[in-house]
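Peer 1: Input: one structure, supplied below.
The values are calculated or read from the model by the stated rules, or taken from the named source; none is laboratory data. Note that the structure is predicted; figures quoted are calculated from it, not measured. Because the Cβ atoms are built from the backbone with ideal geometry, glycine has one as well, and the counts that use them run over all protein chains shown.
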Amino acid sequence: MMFLLLCLFIGASVGVLTPRRYDNDKVFRILPKTEKEVEFIKYLDNKMQLDFFKPASSHQVIPNNPADFHTSAEESEIIMKFLEKKGIKFDILSENLQETIERQFQVVEEKNNRSGRIFRYQPWEKIATWAFSVALRNPKLVSMMEIGKTYEGRPIILLKVGKQKACKKGIILECGIHAREWISPAFCQWFVNEAVKTYGKDKNMTRLLDRVTFHVIPVFNIDGYVWSWTQDRLWRKNRKPNGECIGTDLNRNFNISWNKFEKDEDPCMQAYAGTGPESEVETQAFSTYIRKNLDSIKAHISFHSYGQMLLYPYGHAEENIPNHEIVEKLAVSALEALSGLFGTKYIHGSISKIIGLVSGSSIDWSYEEGIKYSFGFELRDGKIYNFLLPESLIKPTCQETMLAVKVIANHVLKLET
Ligand SMILES: [Zn+2]
């Protein structure tokens with residue numbers, strides 16, 4: 001029976017295809033200084049269809065903000081010549097992207113890890129099994145539910161973590177909306193494991209779990225995540241076909257100024273916003289769940305990588321949110337806690353100020369629905385590994401992030417309503 005249930009939860013299997021390889025592909029970091037240089041980057045993207053890592057599309061490139069993109073080895077020669085000719089500063093972050101991909105799994109033994117456990121990224125099958133097992137083993141603290149199904153029919157799992165009492169405040173932890181950002185689901189798993197391990201031992205965690213329910217979605221975009229494990233490590237979107245290309249960026253699909261700025265109407269683009277607001281079943285499942293629980297949910301934290309940033313709304317407008325001052329202070333306190341552990345440097349601010357105008361994002365949407373503490377973490381790293389953070393860095397990344405999340409949760413705990 002258990003086996004059957006697990007099979008159902010793990011969901012559709014993938015046909016046999018050869019996974020995409022990135023041998024000798026390069027990752028560029030450019031720093032355009034002027035509007036004219038930005039215009040040239042957009043022109044280049046138009047001509048050569050650059051694969052933007054950060055920001056997600058050339059529409060969001062602005063002067064004096066670094067932008068990263070990936071190209072094939074052949075194209076990189078031409079691009080380098082163009083950039084040199086135009087005097088645009090650039091670095092090559094990865095000389096061989098395939099090697100960077102493989103380096104993720106080269107685990108360095110951790111001397112101080114007393115349990116001897118090595119932290120690894122988990123494919124969806126393992127995360128689904130883990131979710132079952134953590135709920136089974138901790139019935140008083142964790143319960144599991146399905147909030148909807150993905151396009152390919154996989155159940156979207158949500159773990160409710162905390163003492164089961166009525167009238168508790170809630171915090172949503174949303175991981176894995178972008179498939180290739182593997183450190184994000186790793187953090188949601190870390191959070192749940194730490195919560196059950198330290199309840200009754202760590203004063204703060206015990207207090208939090210007694211009074212707050214954490215609604216944890218370990219992987220939002222499961223179909224994309226499975227694809228990133230089996231076929232294309234750098235897949236970002238979901239897997240619903242849209243004409244000649246596949247996938248919608250779920251973090252552009254929410255019903256908040258939908259498709260207003262990016263003009264990502266090309267289904268082949270990484271930040272394609274979909275055919276309409278909430279056109280995707282994954283977005284619908286999440287939005288419906290939040291709407292049903294709006295009375296209790298006080299904070300929403302969305303986990304992404306990379307760039308080491310703590311972001312808050314708005315992304316769809318340049319003005320400050322009404323409670324900007326208090327949210328800004330909270331971000332500063334959260335980052336003080338985070339950097340206190342290993343000295344990791346983060347920047348913070350509104351999405352529009354830090355990465356430019358973005359429409360249809362999950363945290364902008366939840367903020368407008370009434371959740372006044374909506375944050376987006378862009379986890380490690382800043383420069384070398386991009387989406388391909390080695391497994392040896394999972395533990396420190398999760399440890400420091402946990403401290404920041406606790407600061408936000410403690411703030412929620414103190415709220416009167
Ligand atoms: Zn992301």
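Peer 1: For the stretch 248-260, state whether one or more residues are assigned to a loop (DSSP other than H, G, I, E, B), among the β-branched types (Val, Ile, Thr) and within 16 Å of the ligand (Cβ to nearest atom).
Peer 2: The initial filter retains those residues of the stretch 248-260 that are assigned to a loop (DSSP other than H, G, I, E, B), namely 248-249, 253-260.
If we keep only those that are among the β-branched types (Val, Ile, Thr) as well, we get 248, 256.
Applying the additional criterion that residues be within 16 Å of the ligand (Cβ to nearest atom) yields 248.
Yes, some residue in the stretch 248-260 is assigned to a loop (DSSP other than H, G, I, E, B), among the β-branched types (Val, Ile, Thr) and within 16 Å of the ligand (Cβ to nearest atom).
Peer 1: Could I ask something else about it? Hey, among the residues in the stretch 379-398 that are crowded, with 20+ Cβ neighbours inside 10 Å and in a helix (DSSP H, G or I), which one's nearest to the ligand (Cβ to nearest atom)?
Peer 2: Only one residue fits best here, namely Thr397.
Peer 1: Have a look at Gly243, Gly276, Gly307 and point out the one that is small (Gly, Ala, Ser), farther than 22 Å from Lys149 by Cβ and at pLDDT 95 or above. If you could, list the steps in order and put the result at the bottom.
Peer 2: Numbers: Gly243 fails: at pLDDT 95 or above; Gly276 fails: farther than 22 Å from Lys149 by Cβ.
Only one candidate passes the filter, namely Gly307.
Peer 1: Criterion first (among the small types (Gly, Ala, Ser) and closer than 30 Å to Lys414 by Cα) does Ser228 satisfy it? Before the answer, list the steps.
Peer 2: Numbers: among the small types (Gly, Ala, Ser): yes; closer than 30 Å to Lys414 by Cα: no.
Taking the combined requirement at face value, the residue does not satisfy it.
Peer 1: Of all residues in the stretch 352-378, which are surrounded by 22 or more Cβ atoms within 10 Å (Cβ to Cβ) and either not assigned by TED's automatic domain parsing to the domain that holds Gln284 or not in a loop (DSSP other than H, G, I, E, B) (or both)?
Peer 2: Ser362, Ile363, Asp364, Trp365, Ser366, Tyr367, Tyr373, Ser374, Phe375, Gly376, Phe377, Glu378
Peer 1: Could you say whether any residue in the stretch 272-287 is more than 14 Å from the ligand (Cβ to nearest atom), free of Cβ contacts under 8 Å to residues at least 24 places away in the same chain and farther than 30 Å from Leu330 by Cα?
Peer 2: Yes, there is a match, as at least one residue in the stretch 272-287 is more than 14 Å from the ligand (Cβ to nearest atom), free of Cβ contacts under 8 Å to residues at least 24 places away in the same chain and farther than 30 Å from Leu330 by Cα.
Peer 1: For the stretch 241-253, how many residues meet the condition of being buried (at least 20 other Cβ atoms within 10 Å of the Cβ) and farther than 21 Å from Asp364 by Cα? Please lay out each step first, then the result.
Peer 2: So the first thing to find is which residues in the stretch 241-253 are buried (at least 20 other Cβ atoms within 10 Å of the Cβ), and the list is 247-253.
After this cut, where a residue has to be farther than 21 Å from Asp364 by Cα as well, the list is 247.
Count: 1.
Peer 1: So, one more: Has the stretch 317-325 got at least one residue that is within 17 Å of Val407 (Cβ to Cβ), away from the ligand (no atom under 16 Å from the Cβ), assigned to a helix (DSSP H, G or I) and at pLDDT 95 or above?
Peer 2: Of the residues in the stretch 317-325, the ones within 17 Å of Val407 (Cβ to Cβ) are 323, 325.
From what is left, the residues that are away from the ligand (no atom under 16 Å from the Cβ) are 323, 325.
Going one step further and asking which of them are assigned to a helix (DSSP H, G or I), we end up with 325.
If we keep only those that are at pLDDT 95 or above as well, we get 325.
Yes, the stretch 317-325 has at least one match.
Peer 1: May I ask you to verify whether Lys329 is over 18 Å from the mean Cα position of the chain (by Cα), surrounded by fewer than 24 Cβ atoms within 10 Å (Cβ to Cβ) and under 28 Å from Asn259 (Cα atoms)? Walk me through it before giving the result.
Peer 2: Details: over 18 Å from the mean Cα position of the chain (by Cα): yes; surrounded by fewer than 24 Cβ atoms within 10 Å (Cβ to Cβ): yes; under 28 Å from Asn259 (Cα atoms): no.
No.
Peer 1: While we're here: Looking for something away from the ligand (no atom under 16 Å from the Cβ), farther than 19 Å from Pro139 by Cβ and either surrounded by fewer than 19 Cβ atoms within 10 Å (Cβ to Cβ) or outside the structural domain of Leu136 (by TED's automatic domain parsing) (or both) - is there at least one such residue anywhere in the stretch 171-187?
Peer 2: no
Peer 1: What are the residue pairs meeting all of these: first residue in the stretch 165-181, first residue in contact (Cβ under 8 Å) with a residue 60 or more places away in the chain and under 15 Å from Ala195 (Cβ atoms), second residue within 15 Å of the ligand (Cβ to nearest atom) and of a type in the set (A, V, I, L, M, F, W, C), Cβ atoms under 6 Å, and 6 or more apart or on different chains?
Peer 2: Leu173/Cys188; Leu173/Ile301; Cys175/Cys188; Cys175/Phe303
Peer 1: Sticking with this one: Does Ala195 satisfy the criteria of being away from the ligand (no atom under 16 Å from the Cβ) and either part of a loop (DSSP other than H, G, I, E, B) or closer than 23 Å to Ala299 by Cα (or both)? So that I can check it myself, show each step before the final result.
Peer 2: On the way: away from the ligand (no atom under 16 Å from the Cβ): yes; either part of a loop (DSSP other than H, G, I, E, B) or closer than 23 Å to Ala299 by Cα (or both): yes.
Answer is yes for this residue.
Peer 1: From the list Ile297, Ile301, which residue is within 16 Å of the ligand (Cβ to nearest atom) and either in contact with a Lys or Arg (Cβ under 7 Å, 6 or more places away or on another chain) or at pLDDT 95 or above (or both)? Steps first, please.
Peer 2: Working: Ile297 fails: within 16 Å of the ligand (Cβ to nearest atom).
Among Ile297, Ile301, only Ile301 is within 16 Å of the ligand (Cβ to nearest atom) and either in contact with a Lys or Arg (Cβ under 7 Å, 6 or more places away or on another chain) or at pLDDT 95 or above (or both).
Peer 1: Look at Leu338 and say whether it is in contact with a helix residue (DSSP H, G or I) (Cβ under 8 Å, 6 or more places away or on another chain) and not in a loop (DSSP other than H, G, I, E, B). Quick ask: steps written out before the conclusion?
Peer 2: Working: in contact with a helix residue (DSSP H, G or I) (Cβ under 8 Å, 6 or more places away or on another chain): yes; not in a loop (DSSP other than H, G, I, E, B): yes.
Against the criterion (in contact with a helix residue (DSSP H, G or I) (Cβ under 8 Å, 6 or more places away or on another chain) and not in a loop (DSSP other than H, G, I, E, B)), Leu338 qualifies.
Peer 1: Just to be sure I understand, how many residues within the stretch 44-59 are assigned to a strand (DSSP E or B) and among the acidic types (Asp, Glu)?
Peer 2: Here is the first cut: in the stretch 44-59, the ones assigned to a strand (DSSP E or B) are 51-54.
Now drop any that are not among the acidic types (Asp, Glu), which leaves 51.
Count: 1.
Peer 1: Do we find that Lys85 is touching a residue at least 60 places away in the same chain (Cβ under 8 Å) and charged (D, E, K, R) in this structure?
Peer 2: Details: touching a residue at least 60 places away in the same chain (Cβ under 8 Å): no; charged (D, E, K, R): yes.
Taking the combined requirement at face value, the residue does not satisfy it.
Peer 1: Under the condition of being away from the ligand (no atom under 15 Å from the Cβ) and part of a helix (DSSP H, G or I), which residue from the stretch 223-247 is farthest from Phe105 (Cα to Cα)?
Peer 2: Ranking the qualifying residues of the stretch 223-247, first place goes to Asp223.
Peer 1: Then there is this: Out of all the residues in the stretch 79-107, which are more than 23 Å from the chain's Cα centre (by Cα), surrounded by 13 or more Cβ atoms within 10 Å (Cβ to Cβ) and of a type in the set (A, V, I, L, M, F, W, C)?
Peer 2: If the condition is that a residue be more than 23 Å from the chain's Cα centre (by Cα), surrounded by 13 or more Cβ atoms within 10 Å (Cβ to Cβ) and of a type in the set (A, V, I, L, M, F, W, C), then Ile79, Met80, Phe82, Leu83, Ile88, Phe90 are the ones that fit.
Peer 1: For the stretch 267-303, which residues satisfy the criterion of being within 20 Å of the chain's Cα centre (by Cα), over 30 Å from Met402 (Cβ atoms) and of a type in the set (A, V, I, L, M, F, W, C)?
Peer 2: If the condition is that a residue be within 20 Å of the chain's Cα centre (by Cα), over 30 Å from Met402 (Cβ atoms) and of a type in the set (A, V, I, L, M, F, W, C), then Met269, Ala273, Val281 are the ones that fit.
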